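A quick write-up on the structure given underneath.
The values are calculated or read from the model by the stated rules, or taken from the named source; none is laboratory data. Note that the coordinates shown come from a computational prediction; the quantities given were computed from them, not determined experimentally. Here the Cβ positions follow ideal geometry from the backbone for every residue, glycine too, while neighbour counts run over all protein chains shown. Note: accessible area is taken over every heavy atom of the protein model, side chains too, but ligands, DNA and RNA are not part of it. Shrake-Rupley method; radii C 1.70, N 1.55, O 1.52, S 1.80 Å.
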Amino acid sequence: MSFRANHLLGIEPLERDEITTIIDLADSYAASNRRGNTRRDALVGMTQINMFFENSTRTQSSFELAGKRLGADVMNMSMQTSSVKKGETLIDTALTLNAMRPDLLVVRHPHSGAVDLLAQKVNCAVLNAGDGKHEHPTQALLDALTIRRAKGRITGLTIAICGDVTHSRVARSNILLLGKMGNRVRLVGPPTLIPAAFAQFGVEVYDDMRAGLQGADVVMMLRLQKERMDGGFIPSEREYYHRYGLDAAKLSVAAPDAIVMHPGPMNRGVEIDGLIADDIHRSAIQTQVEMGVAVRMAAMDLLARNLRARRGNAAVNGELI
Amino acid sequence: MQDIIITNARLIDPELGESTGSLFIRNGLISDAFDADENTQVIDAGGLCLAPGIIDIGVKVGEPGERHKESFTSAGRAAAAGGVTTIVTRPDTDPVIDTPEILEFVARRASAVAQVRVLPMATLTKGREGREMTEIGFLQDAGAVAFTDADHVITNTRVYSRALTYAKSLGALVIAHVQDPGLSVGAAATSSAFASLRGIPAVSPMAERMGLDRDIALLEMTGARLHIDQITTARALPALRRAKENGLDITAGISVHHLTLNDLDVADYRTFFKMTPPLRAEEDRLAAIAAVAEGLIDIICSMHTPQDEESKRLPFEVAASGAVGLETLLPASLRLFHAGHLSLVQLFRALALNPAKRLGLDSGRLRIGAPADLVMFDPDAPFVLDRFSLESKSKNTPFDGARLQGRVIGTWVGGTRIFGGNPDA
């Protein structure tokens with residue numbers, strides 16, 4: 001096993017072999033989940049706390065299910081109604097939680113870097129379930145697994161990431177992961193939603209949807225994050241759909257066997273045509289949800305192994321972690 | 001008051017250049033040579049540098065409102081330890097300093113407890129809201145040396161132009177923060193691949209140039225005296241040069257942080273590196289250094305902004321901006337000397353002479369008759385900065401753990417030693 005990290009905070013610090021390790025293990029979990037063999041004991045005796053400072057039913061459920069399938073005791077903390085609202089700082093919350101000695105902390109936060117900050121203050125393993133506009137590593141990993149299952153490989157592909165890149169942590173994690181694995185990554189969208197600086201990440205940037213999709217093996221759509229639009233990034237949703245919404249005509253220039261992905265939740269008729277989203281021959285969206293549970297099981301399993309090893313070493317040295 | 005002769009000193013005179021010799025102090029002023037008698041204190045500098053005390057424009061003290069972050073007592077101690085003999089304080093306190101009554105309170109507190117000279121500034125508009133100008137005349141009578149809304153940009157140009165016109169009639173100096181407020185809203189970093197990677201909301205460096213262009217136009221219109229608190233980008237420099245060449249009464253400053261650090265120092269969301277304006281790209285930093293060397297940017301300051309742990313221990317986006325700098329201003333500035341960018345004379349022009357000239361002070365030089373506000377320092381002494389060794393109440397310095405070269409050995413204000421050695425001597 002080659003997975004050395006203590007936390008899963010982003011794709012940026014991971015090496016290629018670590019990414020492969022997670023995906024390989026997740027693949028086997030996905031297979032056993034499909035066989036109906038969903039009870040495993042990798043996290044038995046461990047406590048997993050899900051702290052979501054931002055609403056996300058699907059990601060939270062996915063992490064909860066993954067933890068339960070591995071035998072963890074799972075607790076969900078609804079941060080919208082907690083002491084954080086009464087003025088408690090993130091650090092104070094972290095220290096309080098740390099005193100309860102959890103093993104795995106799954107955190108989503110609206111501010112970039114907040115999960116890193118929290119990870120510095122606790123002794124357990126921290127999983128980033130999305131921080132601001134920074135990273136969403138398990139989403140990129142589940143996307144990679146979905147692509148590998150569909151295409152048989154996760155290298156040498158042409159992948160178009162389309163839409164609201166500016167506000168998307170999913171895009172950042174995917175750009176990093178897919179780049180590390182040796183794929184050709186294109187960003188497609190209006191220039192107001194793709195900062196010029198992204199061109200420095202080894203990607204190709206297109207503001208013409210058809211040019212960007214030409215010959216692509218994977219078309220990854222992003223949700224238009226209306227809640228983060230405070231400054232007129234696009235003239236209207238209908239114009240956006242006309243120029244950048246994925247429909248059959250635009251998809252026709254991609255590779256004939258191209259798959260369509262979307263991290264959800266979808267705005268049908270804004271970034272994607274409902275018919276494409278529901279097309280079982282093209283759309284991998286439901287597979288992404290399925291792979292999400294498997295990837296989170298794998299990530300938590302690997303982090304738990306490292307945590308046990310660290311605790312074992314610390315006990316030998318008479319330290320407390 | 002005891003006469004002092006400091007012998008064997010490397011004299012850094014920002015007006016006349018560098019020389020070796022003695023400096024004579026009589027009645028708290030730099031004086032002509034005289035013979036020592038039994039009452040004269042003779043100090044052998046042992047070849048160390050002796051320069052005019054630093055005049056630091058734009059220092060934030062937490063009084064009133066945030067004494068837990070910095071008081072006049074702690075700021076005074078920090079200044080003394082840093083070789084800063086005059087601090088020009090910002091009015092963005094709580095409440096803001098926008099009436100003569102509050103200004104008098106501040107001046108009274110400062111003179112009672114601070115060891116260094118404290119020159120308070122007042123706001124240009126009431127409540128820093130950019131709607132109504134303050135009582136500039138009364139505030140000037142009460143001791144305000146300049147008028148500024150600190151980092152609040154006045155967006156209503158009619159209000160701003162009237163305030164500038166009124167200030168001109170009183171000869172008052174206005175200090176402006178130039179950032180286009182629309183572009184900068186919510187930004188915590190400078191636009192770059194790095195900010196994009198970290199997902200930090202960012203602003204184009206062009207926001208500074210746009211803000212500067214607007215203020216220059218208003219200056220042409222009103223003929224006021226304007227100092228720009230910080231020019232930090234290469235793109236803004238040609239506009240500043242044109243304004244000066246056109247004879248406008250404009251000067252500009254920069255914080256030592258923007259001269260010695262760049263946007264990549266933020267690394268993994270280190271909030272001690274969050275500043276207003278945000279740290280810039282390396283090319284901007286180098287352009288700013290060149291501008292200081294040729295005198296286009298006139299003043300180097302610390303932009304001392306104490307923030308307690310609670311304000312900084314937050315996600316980068318929402319953490320408070322600013323860093324303490326009174327004690328690190330000189331050693332950090334000496335990085336520019338050691339790197340060969342600036343001579344010591346050029347450095348002290350920007351740290352002492354130019355701020356004195358802009359504020360109409362006699363200090364900031366080693367001229368006979370000037371106040372004996374002095375700093376003695378060893379430019380080569382190396383040390384590793386420990387933030388908990390700082391005198392400031394707040395410890396938010398980006399130089400924590402940094403290797404610095406240059407230590408203050410002694411500080412004098414009006415001929416009285418306030419740091420180093422025996423303070424009673």
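Brief remarks follow.
- Length added when fully stretched, B:R403-B:L264, from 0.36 nm per residue minus Cα-Cα: 48.2 nm
- Label-zone membership for segment B:156-184, site B:E129, 7 angstrom Cα→C-beta point, backbone N under 16 Å: B:156, B:159-160
- Cα centroid separation - segment B:243-308 against segment A:290-321, whole Å: 45 Å
- Normalised by 2.2 N^0.38 Å, with N the number of residues, the alpha-carbon radius of gyration of segment B:212-260 equals 1.13.
- 10 Å Cβ shell holding at most 14 others, DSSP loop, trypsin sites (Lys or Arg not before Pro): longest site-free stretch of chain A: A:154-321
- Viscosity 1.002 mPa s, 20 °C: Kirkwood-radius Stokes-Einstein D of segment A:137-285 over Cα pairs, µm²/s: 143 µm²/s
- Solvent-accessible heavy-atom area per residue, rounded to whole Å², over chain B at 1.4 Å: 36 Å²
- Contour minus Cα-Cα distance for A:T57 and A:A309 (0.36 nm per residue): 87.5 nm
- Residues losing 30 Å² or more accessible surface upon assembly, segment A:175-201, compared with the chain by itself, 1.4 Å: A:A197, A:F201
- Taking each of B:K168/B:K312; B:K244/B:K395; B:K126/B:K274 in turn, the alpha-carbon distance tops 29 angstrom for B:K168/B:K312; B:K244/B:K395.
- If R0 is taken as 30 Å, the Cβ-Cβ distance between A:A255 and A:E15 corresponds to a FRET efficiency of 0.55.
- When only alpha carbons are used to place a centre, segment A:6-72 and segment B:169-228 end up 46 Å from one another.
- Two-site label geometry, B:S389 and A:R153: point separation in nm, points 7 Å out along Cα→Cβ: 5.8 nm
- Among B:E63, B:E391, the sequence by solvent-accessible area, most first, with a 1.4 Å probe is B:E391, B:E63.
- With a 10 Å cut-off around each Cβ of A:117-124, the average count of Cβ atoms from other chains is 2.
- Under 13 Å from the A:F201 label point (7 Å along Cα→beta-carbon), backbone N, segment A:114-141: A:133-137, A:140
- Across all directions, the average projected area of the convex hull around the alpha carbons of the protein assembly as shown is 35.9 nm².
- With helices as the sole contributors, the protein assembly as shown gives -10000 deg cm²/dmol at 222 nm; each DSSP H run of n ≥ 4 counts as -39500 (n - 2.57), and the sum is divided by every residue.
- Each label was represented as a point 7 Å from its Cα along the Cα-to-Cβ direction; for B:S343 and B:I368 these points are 2.4 nm apart.
- A simple spin-label model places the labels of A:M266 and A:S78 2.9 nm from each other, with each point 7 Å out along Cα-to-Cβ.
- Peptide A:36-47 - average C-beta neighbours from other chains (10 Å radius): 0
- Measuring nothing but alpha carbons in chain A and taking Rh as the Kirkwood radius, the Rg to Rh ratio lands at 0.98.
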